[in-house]
Each structure stands twice: as C-alpha cells, then as structure tokens.
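See structure below.
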Amino acid sequence: MSKNRYKGFSFYGFCLFFITICLTSTSAIFVYAIVSRWTNGNTLIVAFSVLATIILGAVVCALFDIYRRKIMIERPVKMILQATQKIASGDFSVKLYTMHDYNKFDEYDIIFDNINTMTAELSKNEMLKNDFISNVSHEIKTPLAVIQNYAKSLQNNDLDARKREECINGLVKQTKKLSELITNILKLSKIENQQIVPEIEKFDLAELVRVTTLQYEELFEKKGLELECDIDEMKIVSSASLIEIAINNLVSNAIKFTDKGGKISISLKEDKGNAVIKVKDTGCGISKAVGEHIFDKFYQGDTSHSGEGNGLGLALVKNIIDLIGGEISVESKVGMGSTFTLKIKKDSV
Ligand SMILES: Nc1ncnc2c1ncn2[C@@H]1O[C@H](COP(=O)(O)OP(=O)(O)O)[C@@H](O)[C@H]1O
Ligand SMILES: [Mg+2]
C-alpha cells in the first residue's frame, strides 16, 4: 500500500524551522549587545531594537512560509482539483506526476498515486464495459439476422415442405441460442455482482454427475461418441445447482469439440478432501495460444464451432468454481484431445 511509503516526519522541515528560530534569537541577542553599548543601556531604545529584530525575523519567516505554502500546498491542491474535475467529466486519461521520490512520498504524493490508480482502474472498467457491450451486440445481431432470413423465407407460400421444415428448425435453433446467451449473461453478471448466494446443501455428487451426463445420451448417439464413466460414490456439502451448470458446460464442450467416433471419459474421484471431476475427450484439443484465453468472456478459440455457443461457458464455469471454492485446470494437446479437471471442496461450509 502506498501509505507505507509515507515518511510523515520531515527532517529537513524540522531543521529549517530550528535554524530560523536560532537565527532570529541570535540576531536579537546580537542587536541587544550592540545597541546596549551604543546607547549606554538606554532601555527604551534597546527594547525597541530587539523587538524590531524579532518582528523582522517573524516577517521573513512568514514570507518564507507563504512561498512554501504556494509551492508545497497550493500547487498540488490545484493539480488535484484539475484532475478530479477531469475525472468527474468522464476523462480517465488523467495522470499526476508525484513530486518526490518513491521513498520520500508525502501526503500529496500518496493522493496523486491513489488518483492514478483510480483512473487506471476506471479506464480498465470502461474498456471492459465497452468490450462487453460490443460482444453482446455482436452475439445478438448474428442469430437475429439468421432468424430474419428464415422468417422471410417462410413468408413465401411456394416453399416446399422440406425447405419449410429446414427454416423452422433453423428458427428453433437460433432462438434457443439467443435464450442461452441471455441466460448465461444473466448468470455471469449475477455471480460477478455477488447477487448469487450459493445454496449449500448435502447432496449426492455421483448421482448429479450421472444424471447430468445422461441428459446428453441422444447427442452421444447422434455423433457416435463412446462414453466411459468411472464414478466413485460420494456425497458432498456444496451447491448442487452451480456444480450442475459447470458439469453441463464441460460435457457439452467435450461433445462439441470431439469429432464423430471419438471418446469421452468422465470420472469422479476423491483427493485430499476434494471431489475431483475429470471430463476427458479425444477431440480437436487446445493450442497454447488459445488456452490462455478460454476462460475469458466471449472468447471462442475454434472458429469452426463458433456457430454453436457464445464463448461464455468456461467463463461461467470459472466464476462458479471460484465462488464455491475450488479449482479448474485443463490439459490438452492439439489433435489429441483435452482433459478438464474440476477440484471442488467436499465441504464448502
Ligand atoms: N473440450 C474442448 N476441446 C477443445 N476446445 C475447447 C474445449 N472446451 C473449450 N474449448 C475451447 O475454449 C473456448 C471457450 O469455450 P466456451 O467458453 O465453452 O465457449 P463456446 O463453447 O461457446 O465456444 C472454445 O471456443 C474452444 O476453443
Ligand atoms: Mg461452451
């Protein structure tokens, strides 16, 4: 914290104050000695001269202090005023340069430093907000354009039955995609704004993994994927609904990114008080460059699959795991497949 860098006591300031007092008193004694000798001890003149010397000393001190205030107080206050006015009007590019070295920060340097941190944070948030809005708009615009095309085609009464069914299926798919997008955005924003309080309960995790996986039975068959399960019986105290969302996302990704005839293995084991869920596939795998972004919002690494999903799935899983206390990791080799591992505390209380 920047406060630790504040020295508080100024040695130079104290020395200056001490020297000024010494100089004024010495001058007063000096004047006293000289004027006493000149005037043969005329008390009135001596007293007047000493008083005049002290007043002169005080005036010099006051002038010096006015100058010091101008440089050390008025100047930084003016800079702070200008900076805060700019920030208030929405300009976050403000940067204040501190007046002293890092180790000699005074209160103003700390305020400058804090203002710089604040503007950096504000402009980062502004950028994230703009990115978010443009990503959401893009994700909504694409399916809407497709929906519009299908709807226009359906307006044509001459459309044959096969084409008509294709349009209707397309409409259902795109509206489902839009609804998933909105649901994911809402869930993400609720978790990020800490509006979701996980409902912690004791539940059968093995059963949850089995039931969630079985929901994809039809998809496994359709793609001719082999499914292997190695699930140890286990009851844990955590949030079943949030863990279900996480498993759903990992299994649906594994299916999506694995070509026909591939294999998906799902396991649940215990390791040092943690429940460890692994979702392994023999799909396209993830390169190192893509792997660095897969937990970012709206990031889609594999463009050949970008028609499905919206790049929010893993961001949501990561947020969920952070919220309930756990870890998510991934091991992958391009062309060989990926393994996503969820480590969840068996007792989140
Ligand atoms: N099992 C997987 N195999 C290969 N790539 C994956 C896998 N799971 C996730 N990814 C990569 O991570 C990206 C982000 O995943 P996700 O957030 O679920 O978004 P989406 O599924 O909508 O693309 C994907 O676009 C893909 O590039
Ligand atoms: Mg996904």
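The set of residues in region 257-307 being farther than 26 Å from Gly224 by Cβ, in a loop (DSSP other than H, G, I, E, B) and more than 10 Å from ligand 1 (Cβ to nearest atom) consists of Lys272, Gly273, Glu292.
Among the criteria (1) in contact with a strand residue (DSSP E or B) (Cβ under 9 Å, 6 or more places away or on another chain); (2) more than 7 Å from ligand 1 (Cβ to nearest atom); (3) under 27 Å from Lys129 (Cβ atoms); (4) not β-branched (Val, Ile, Thr), the one Asn319 does not fulfil is (1).
When Asp347 is tested against (1) at negative phi; (2) surrounded by fewer than 22 Cβ atoms within 10 Å (Cβ to Cβ); (3) near ligand 1 (Cβ under 9 Å from one of its atoms), exactly one condition is not met: (3).
Quick grid of which residues meet (1) outside the structural domain of Gly311 (by TED's automatic domain parsing); (2) over 18 Å from the mean Cα position of the chain (by Cα); (3) β-branched (Val, Ile, Thr); (4) within 30 Å of Phe11 (Cα to Cα):
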| site | (1), (2), (3), (4) |
| --- | --- |
| Phe105 | yes, yes, no, yes |
| Tyr108 | yes, yes, no, yes |
| Ile111 | yes, yes, yes, yes |
| Thr117 | yes, no, yes, yes |
| Leu128 | yes, no, no, no |
| Thr142 | yes, yes, yes, no |
| Asn157 | yes, yes, no, no |
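If the condition is being of a type in the set (Val, Ile, Thr) and not in a loop (DSSP other than H, G, I, E, B), then region 58-113 contributes Val59, Val60, Ile66, Ile71, Ile73, Val77, Ile80, Thr84, Ile87, Ile110, Ile111. Would you confirm whether or not region 234-242 contains a residue that is within 16 Å of ligand 1 (Cβ to nearest atom) and at pLDDT 95 or above? No: region 234-242 contains no residue that is within 16 Å of ligand 1 (Cβ to nearest atom) and at pLDDT 95 or above. Within region 85-94, the residues that satisfy the criterion of being under 21 Å from the mean Cα position of the chain (by Cα) and within 30 Å of Ile71 (Cβ to Cβ) are Ile87, Asp91, Phe92, Ser93, Val94.
Filtered by the rule that a residue be within 16 Å of ligand 1 (Cβ to nearest atom) and part of a loop (DSSP other than H, G, I, E, B), region 217-233 gives a lone residue, Leu225. The listed residues are Leu208, Leu250, and the only one of them that is within 16 Å of ligand 2 (Cβ to nearest atom), crowded, with 18+ Cβ neighbours inside 10 Å and under 18 Å from Thr341 (Cα atoms) turns out to be Leu250. The lone criterion from (1) in contact (Cβ under 8 Å) with a residue 12 or more places away in the chain; (2) within 15 Å of ligand 2 (Cβ to nearest atom); (3) within 16 Å of Ile255 (Cα to Cα) left unmet by Ser304 is number (1).
Taking the criterion of being on the phi > 0 side of the Ramachandran plot and touching a Phe, Trp or Tyr at 6+ places or on another chain (Cβ under 8 Å), the only residue of region 299-315 that qualifies is Gly311. Scanning region 322-349 for residues that are in contact with a strand residue (DSSP E or B) (Cβ under 6 Å, 6 or more places away or on another chain) and small (Gly, Ala, Ser), we see that the one that is nearest to ligand 2 (Cβ to nearest atom) is Ser338.
State which residue pairs qualify: first residue in contact (Cβ under 8 Å) with a residue 24 or more places away in the chain and inside region 256-269, second residue outside any loop (DSSP other than H, G, I, E, B) and surrounded by fewer than 15 Cβ atoms within 10 Å (Cβ to Cβ) in any location, beta carbons under 7 Å apart, and separation of 6 or more residues or different chains. If the second residue must be outside any loop (DSSP other than H, G, I, E, B) and surrounded by fewer than 15 Cβ atoms within 10 Å (Cβ to Cβ), the pairs left are Lys256/His305; Phe257/His305; Lys263/Glu226; Lys263/Glu228; Ser265/Glu228; Ile266/Cys229; Ser267/Asp230.
When the residues of region 253-275 are filtered to those that are surrounded by fewer than 18 Cβ atoms within 10 Å (Cβ to Cβ) and under 15 Å from Thr339 (Cα atoms), the one that is farthest from the chain's Cα centre (by Cα) is Lys263. Residue count for region 211-242, restricted to those that are among the charged types (D, E, K, R) and either without any contact (Cβ under 8 Å) to a residue 12 or more places away in the chain or surrounded by 15 or more Cβ atoms within 10 Å (Cβ to Cβ) (or both): 5. Has region 63-83 got any residue that is touching a Ser or Thr at 6+ places or on another chain (Cβ under 8 Å) and within 24 Å of Leu16 (Cβ to Cβ)? Yes. Kindly establish whether Lys95 is within 30 Å of Met127 (Cβ to Cβ) and surrounded by fewer than 12 Cβ atoms within 10 Å (Cβ to Cβ). So Lys95 fits the description; yes.
Among the conditions (1) outside any strand (DSSP E or B); (2) within 11 Å of ligand 1 (Cβ to nearest atom); (3) touching a helix residue (DSSP H, G or I) at 6+ places or on another chain (Cβ under 9 Å), the only one that Val330 does not satisfy is (1).
The values are calculated or read from the model by the stated rules, or taken from the named source; none is laboratory data. The structure displayed is predicted, hence computed values, not measured ones. Don't worry about glycine lacking a Cβ; one is built from the backbone with ideal geometry, like all the others, and counts go over all protein chains shown.
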